[in-house]
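So the structure is just underneath, and the comments pick up after that.
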Amino acid sequence: MSAESTPEPGIPGESGTTGPRHRAEGRRKTRGQRKGLLIATWTAAGIVVLGGSGAGFLYFKFNGNIKSVDIDQALGTDRPTKVDNGSENILVLGSDTRSGSNKKLGGGADDGSARSDTAMIVHVYEGHKKASVVSIPRDTLIDRPECTDSDGTEHDAAKDVMFNSAYSTGGASCAVKTVESLTDIRMDHYLEVDFSGFQKLIDELGGVEVTTTKKINDPDSHLDLKAGTHTLTGKQALGLVRTRHGVGDGSDLGRIQLQQAFIKALINQIRTVDLFGSPKKLYDLADTATNAVTTDTGLGSVDELMSFANGLKGISSKNMTMVTMPVQYDPQDGNRVLVDKDKAKLVWKALENDRAIPKSATKGTATGQAKGVVTSS
């Protein structure tokens, strides 16, 4: 959740060869106003502004809404070293639970399971003026490390399993452990949003305007858009970031391109929303955002989320680099991809050293066929 924008220095998005076709699963606001909305991109919009209003009882209400997981306690000390260079790495997951209010949105059986259909590493550079976002394809085959979930249950390691099995196996802590094993980079924070919260948040923001260059029709994700400009409702936005069969080659890599395009459009849309003109909208956004997210304990309060948002206030779509983790199609199974280890190492080393991702990191890697299908209006 590909339109890619590249800060200087940076890379111009996902370059390289296109893989074979596979089927598989109003008014300009001030800088201060924009900072409270920027965090909406990571589902925490509204609490920054509202938290600063001095409404004490609301502060405690929203504090109580936030769910958090003690990642540090679950993972212990067997983790990559924390880099002290002013940068931050945040693992952002979209939770694909099939139970409760998400069942209607996600489809499928209500088996109580949950998956991470959207996974992104957000690297905020020193100075917090630019960021790189690296999407991890859910269909990537990886070796999942042994891990302990937040309830203390231990889970055995597994070889050649899909990336999103880490979350369905052991929740947030296993997802973080798997990403750290894959990248050898310490995740400073964890942020998760579920289907129903995402949909409601987009509706309360007034929708997001995008332009589609092709028709998108995917009954599986309940999305039917003609080519043209649309203000997406929450339901349509959710359909867009989930669709894979409605456009392009039907791959997870194409879906990632749509997700990245939507994030860019959302960030651009944020600048036009007037939260201060409606106290009710402000309240609704804050209530929805804090109910929708699960964070690590380091972000598990209104104060911490306010501080986090403040650190992102200088980042716009123009100074975000958005790429996909370098992969190649699995020659044994066209519905799966394999990490291009040499190329991926270039990405992880760049982030570890707080440098721009080099162009060579994505050159020649597999990519979807949905680039440019969705753009900001």
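The values are calculated or read from the model by the stated rules, or taken from the named source; none is laboratory data. Just so it is clear, the structure is predicted and the values come from calculations on it, not from any experiment. Every residue, glycine among them, receives a Cβ derived from its backbone with ideal geometry; neighbour counts consider all protein chains shown. When the accessible area is computed, the model is the full protein with side chains, heavy atoms only, and any ligands, DNA or RNA have been set aside. Shrake-Rupley method; radii C 1.70, N 1.55, O 1.52, S 1.80 Å.
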Quiz item: Does LEU240 count as farther than 25 Å from ARG336 by Cβ and in contact with a helix residue (DSSP H, G or I) (Cβ under 8 Å, 6 or more places away or on another chain)?
Solution: no
Quiz item: Tell me, which residue of the range 119-160 that is within 20 Å of MET325 (Cβ to Cβ) and in a loop (DSSP other than H, G, I, E, B) is most open to solvent (accessible area, probe 1.4 Å)?
Solution: LYS130
Self-check item: Entirely in the range 272-377, the strands (runs of 3 or more DSSP E) that have 2 or more residues that are within 25 Å of VAL83 (Cβ to Cβ) and open to solvent by less than 50 Å² (accessible area, probe 1.4 Å)
Solution: 293-296, 320-324
Self-check item: Given (1) surrounded by fewer than 24 Cβ atoms within 10 Å (Cβ to Cβ); (2) touching a helix residue (DSSP H, G or I) at 6+ places or on another chain (Cβ under 6 Å); (3) within 22 Å of TYR329 (Cβ to Cβ), index of the condition GLY250 fails
Solution: (2)
Exercise. Just name the residue that is farthest from THR297 (Cα to Cα) out of those in the range 173-193 that are in contact with a helix residue (DSSP H, G or I) (Cβ under 8 Å, 6 or more places away or on another chain) and among the small types (Gly, Ala, Ser).
Key: ALA175
Quiz item: Which residues, counting only those in the range 219-245, are open to solvent by less than 80 Å² (accessible area, probe 1.4 Å) and at positive phi?
Solution: GLY228
Quiz item: Of all strands (runs of 3 or more DSSP E) completely enclosed by the range 167-218, which ones contain at least 2 residues that are within 16 Å of the chain's Cα centre (by Cα) and crowded, with 23+ Cβ neighbours inside 10 Å?
Solution: 189-194
Exercise. Check the range 312-335 and report whether any residue there is closer than 23 Å to SER173 by Cα, at pLDDT 95 or above and under 19 Å from the mean Cα position of the chain (by Cα).
Key: yes
Quiz item: Only one of LEU258, LEU312, LEU285 is aliphatic (A, V, I, L, M) and over 30 Å from PRO358 (Cβ atoms); which?
Solution: LEU285
